[in-house]
Amino acid sequence: MTEQPGRRAVLAVVLGATAAGCSKYGEPSNPPPQNAPTQTAPANAVLGTTEEIPVGEGKIFDENQVVVTQPVKGTFKAFSSTCTHQGCQVTTVANGTIDCPCHGSKYSVKDGSVVAGPAPRPLPPKEITISGDSITLV
């Protein structure tokens with residue numbers, strides 16, 4: 001004769017499985033750990049062209065985890081696209097800010113500084129070179 005699990009045991013399994021699949025609204029279901037190593041782009045990776053970067057805004061290069069901005073005409077800046085709060089990837093550059101969808105952090109396109117938290121630090125700068133109209137990650 002086999003023993004059947006009790007109601008409490010079944011309820012514990014169901015509640016545990018349900019809680020494991022939950023996330024807060026706007027949060028990725030599997031955010032990377034805070035101290036997880038980030039993927040690095042290969043040296044001398046050509047990101048795109050200067051024509052792709054609107055003045056006062058920018059463009060996110062997901063495959064290289066880099067965001068390139070043009071705060072003023074002819075000046076280009078590059079930053080990591082990984083939010084300093086919990087490691088989510090930023091998804092939007094608009095109205096002078098680089099925006100993270102997970103918890104609402106916003107960074108300045110001018111210098112990567114935090115404009116709105118909860119991000120604790122600015123986006124780390126990345127080194128780029130401009131040759132003609134080509135943007136290359138150093």
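With labels modelled as points extended 7 Å from the Cα through the Cβ direction, what inter-label distance (nm, one decimal) is found for Lys110 paired with Val138?
Calculated label separation equals 2.3 nm.
Residues of region 88-138: accessible area per residue at 1.4 Å, in Å²?
That works out to 50 Å² per residue.
With charges set only on the Cβ (+1 for Lys and Arg, -1 for Asp and Glu), what does the dipole of region 57-138 come to about its Cα centre, in debye to the nearest 20?
Details: 7 positive and 7 negative charges, 47 e Å.
Charge dipole of region 57-138: 220 debye, to the nearest 20.
Once phi is turned into θ = phi - 60°, what whole-Hz ³J(HN,Hα) does the Karplus curve with 6.51, -1.76 and 1.60 give for every residue of region 67-78, x standing for Gly and Pro?
10, 10, 10, 10, x, 9, 3, x, 10, 10, 10, 9
The values are calculated or read from the model by the stated rules, or taken from the named source; none is laboratory data. Everything numeric here is computed off the predicted structure, so don't read it as measured data. Ideal geometry is used to build each Cβ from the backbone, glycine not excepted, and the neighbour counts take in all protein chains shown. All accessible areas refer to the heavy atoms of the entire protein, side chains included, with ligands and DNA or RNA removed. Shrake-Rupley method; radii C 1.70, N 1.55, O 1.52, S 1.80 Å.
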